[in-house]
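**Q** Below: one structure in structure tokens.
Quick note: the coordinates plus some simple rules give every number you see, no bench work behind them. Every value quoted in this text rests on a predicted model; they were computed, and no experiment measured them. Cβ coordinates were reconstructed from backbone atoms using ideal geometry, including for glycine residues, and neighbour counts include every protein chain displayed.
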Amino acid sequence: MRSIAIMNQKGGVGKTTTTVNLAAALAELGQRVCVVDMDPQAHASLHLGVEPQPGDPSVYDVLVAGSSLAEVERQVGDNLWLVASHVDLATAEMELSRTLGHRMSDRDGEQAGPPLLDHLFTVLRDKLDRDRQPPDYLLIDCPPSLGLLTLNALVAAEEVFIPLQPHFLALHGLGKLLETINLIARRLNERLRVGGVVLCMYESGTRLAGEVAADVEEFFRRAETQPVPWAGATVFATRIRRNIRLAEAPSFGQSIFAYAPDSHGAEDYRRLAGEVLSTARVASPDALG
């Protein structure tokens, strides 16, 4: 199984759009794909036609109530499954802290130290390890914030894909994001690597887009021999062009392939899926083990 967290701490950069449409494109190519919606806003779930209702099984039940992935996931298309989100997920961080804190208290009633505290971040990974029928691809849609939900995703995944809008402020945020990934890789998940960067909302006719794309490619080129989690990361050649059909599709609860299969958005995500299939998970730098 190839497990990929799709993450950017900045909202509105195409994170959920990329998660859903890359998943649908991979499924269209015959891969068994599961999307895990870790965002309490449930945008990935809505995009795939699932509107969370009270009492519906969701990733909240996996993280807090002890449910297995098999009990929660639902099939939403050919070769495509979803572990849906729910507004209750917003309380999951508090529930995890309280519940696991009680369970991990020592005999004298004192709270556990850092090794046991780390268990707060491994709930999702532990459930994935017990999954008897893992998919070919697991795509995790992360919240646009750094909390227990995002940390669980980063500990569970082997790769991070970073959707990036080609402008200056996005570049500024990229450095902060990589610092976070580096910290998680060193402290909680030594397998974690940056697999690739997806340039979204790309406008090929603007000089700025070309300049930012060149800067991003040069940055990752310089890191190829460095002992960092983004050594060997791919800046995907496919640019996801700004496309109104991509913006419209979520309101119909459909991927771009169901909503507008002949659009530029569908063409771009098909090409991106082909690139993802052709790239193996990046190797671990020696310095990171």
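**Q** All other residues with a Cβ under 14 Å from the Cβ of residue 242 taken together, and with Lys, Arg as +1 and Asp, Glu as -1, what is their net charge?
**A** Within the 14 Å Cβ shell, the charges total -1.
**Q** Percent relative contact order of the stretch 2-279, based on C-alpha pairs within less than 8 angstrom and at least six residues apart?
**A** 25 percent
**Q** Next up: Mind checking which aspartates and glutamates have their C-alpha under 12 Å from residue 15, skipping anything on the same chain fewer than 8 residues away?
**A** 37, 39, 141
**Q** How do the peptides 82-90, 169-177, 34-42 rank, highest first, by the average count of neighbouring beta carbon atoms within 10 Å per residue?
**A** The peptides rank, most packed first, as 34-42, 82-90, 169-177.
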